Each structure stands twice: as structure tokens, then as C-alpha cells.
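First up is the structure itself, then whatever we jot down about it.
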Amino acid sequence: MDLVLATRLLTKRYSSLTAVEDLDLDVGAGELFGFLGPNGAGKTTTIKMLVGLLRPTSGSARVAGIDILVEPEKAKARIGYVPDAATLYDKLSAREFLEFSGDLYHVERVRRDRRIEALLKFFGLQDRANDFLSSYSRGMRQKVSLTAALLHDPQVLFLDEPTVGLDPLSARQMKDILQDFCKEGKTVFLSTHILEIAERMCTRLGRELVRSRGSPMRSPWASCSGAPSSPCS
């Protein structure tokens, strides 16, 4: 397997609280990987370490072949990230925000605008593209956040509870675009606490082995027989 994401003994502690402990994880190219665990298990903490927003207490992580601790800027250029609650600039329109996001990643303007229009159309947002984001519903904001994460054509896309606030049609649209993304040999790392969503969307699941309420996220990982067997099918 051509590894795109690998962690070894990844750990995060806050004083006496251990949020993530000794996490060993391997994810390959073209996988839509489901990171499954209950609320409070450390999923968001893990993702924040993998995208360079939070420094681990110990252990290592490589994303897109790059050590996120040694070369964070280089790694971040190959990462797309959609947090559990979309953080957007409410006084900008969706189009203005997406143009700004593309510029942050130095996406060439013609290519940026072409991708923005295509994604806005795909998600049915083209008629609201010039409205302030403050007027958007949670589901619409989630679509804009995903569009921003895809603009620079990342190698790895991290999604933290991405279906929260989405109606069934929007969830299906998200699944379709993520599958197309994986068919290009890219990787999706999706966290969720809902088994049904993970089984429906993902090609492989990593599952926390829960010992008790409040246990930290840890290895080992178990495969889930309910997930599709072929990449992004």
C-alpha cells in the first residue's frame, strides 16, 4: 500500500488528561478512510494534530510523505481541512470567501475561478454565491467550507463530522464528490461518531476499541466488514 498518512505512537496530553494515546495509523492513497469513535474520544484532537493545528505531546505523523512537525508549511500546502463547525467570514459573500481562500494557496486566478464556479454549481449554490455568508444555513456553510478545502487540489482531505447539518441530498452530493476525489488517487480522512454514515461513505474504517467512558483514542485499528471493499466504490 502506498502510504499517504502514517502516525506512530501519536499522543496528546493536557495536564492529567490524555486525549490521544499511542495512536498508530496507516492510510493509503485512494482510500476514503473512516475514523470512527464516540463523542469525546479524541477524533478532533487527532485531526488537529494531523493538519498542524495542534502539536502532539509525543509521537510522529507524516502526511503526504512529509513530517508535519518538521515541515508544517510544506505539509499544509497538500492538505485540505473541513472542521466540524465551518469557520467563515460572515461579512463576505461565498464567492469572495472562496476567492480569498484560493489566493491563500496561490491558486492561479483563472483556474481558481473555474473551480469555484464548478463547485458552486455542483452544490447548487450558484444563485446565492453573491449573498453574505451570514445569511447561509449550517448546511450551506458546510458546502462552502468543503469547496474552500478543495480549491487548491489537496492530496489529503480531512473532514471532521462533515455530514452534520446536511440534508440527505447534500450528504449524497458530498459522498459523490469525495468518491471522485479518491478515484484520482487522493485520500480522504473522515471522522464521525455515526457508524451508519461511516459504513455508507467509507472504504475502510478505523475504530476505537472503547474500554470505558472517557477513554483516550488509541490503537489498534479494526477493519469493518460493512465497508465497501474497492476504493471509493
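Couple of notes before you dig in:
- Within segment 9-40, tally of residues that are over 17 Å from P162 (Cβ atoms) and of a type in the set (A, V, I, L, M, F, W, C): 8
- Restricting attention to segment 1-32, the residues that are loosely packed, with under 15 Cβ neighbours inside 10 Å and among the polar types (S, T, N, Q) total 2.
Residue-by-condition table, conditions (1) closer than 17 Å to T45 by Cβ; (2) modelled with pLDDT of 50 or more; (3) in a strand (DSSP E or B):
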residue	(1), (2), (3)
F181	no, yes, no
L190	yes, yes, yes
I197	no, yes, no
S212	no, no, no
S223	no, no, no
G226	no, no, no
P231	no, no, no
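- Index of the failed condition, G40 passing every other in (1) part of a loop (DSSP other than H, G, I, E, B); (2) more than 28 Å from R200 (Cα to Cα): (2)
- Count of segment 93-114 residues which are buried (at least 16 other Cβ atoms within 10 Å of the Cβ), over 20 Å from K76 (Cα atoms) and not hydroxyl-bearing (S, T, Y): 2
- Matching residues in segment 46-59 - criterion: being of a type outside the set (D, E, K, R), outside any loop (DSSP other than H, G, I, E, B) and surrounded by 17 or more Cβ atoms within 10 Å (Cβ to Cβ): T46, I47, M49, L50, G59
The rows are residues; the columns are (1) surrounded by fewer than 19 Cβ atoms within 10 Å (Cβ to Cβ); (2) in a helix (DSSP H, G or I); (3) of a type outside the set (D, E).
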| position | (1), (2), (3) |
| --- | --- |
| E117 | yes, yes, no |
| L120 | no, yes, yes |
| D127 | yes, yes, no |
| M140 | no, yes, yes |
| P154 | no, no, yes |
| Q173 | yes, yes, yes |
| L178 | no, yes, yes |
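The values are calculated or read from the model by the stated rules, or taken from the named source; none is laboratory data. This structure is a prediction, so every number in the text was calculated from the model and none was measured. Positions of Cβ are backbone-derived with ideal geometry, glycine not excepted, and every protein chain shown enters the neighbour counts.
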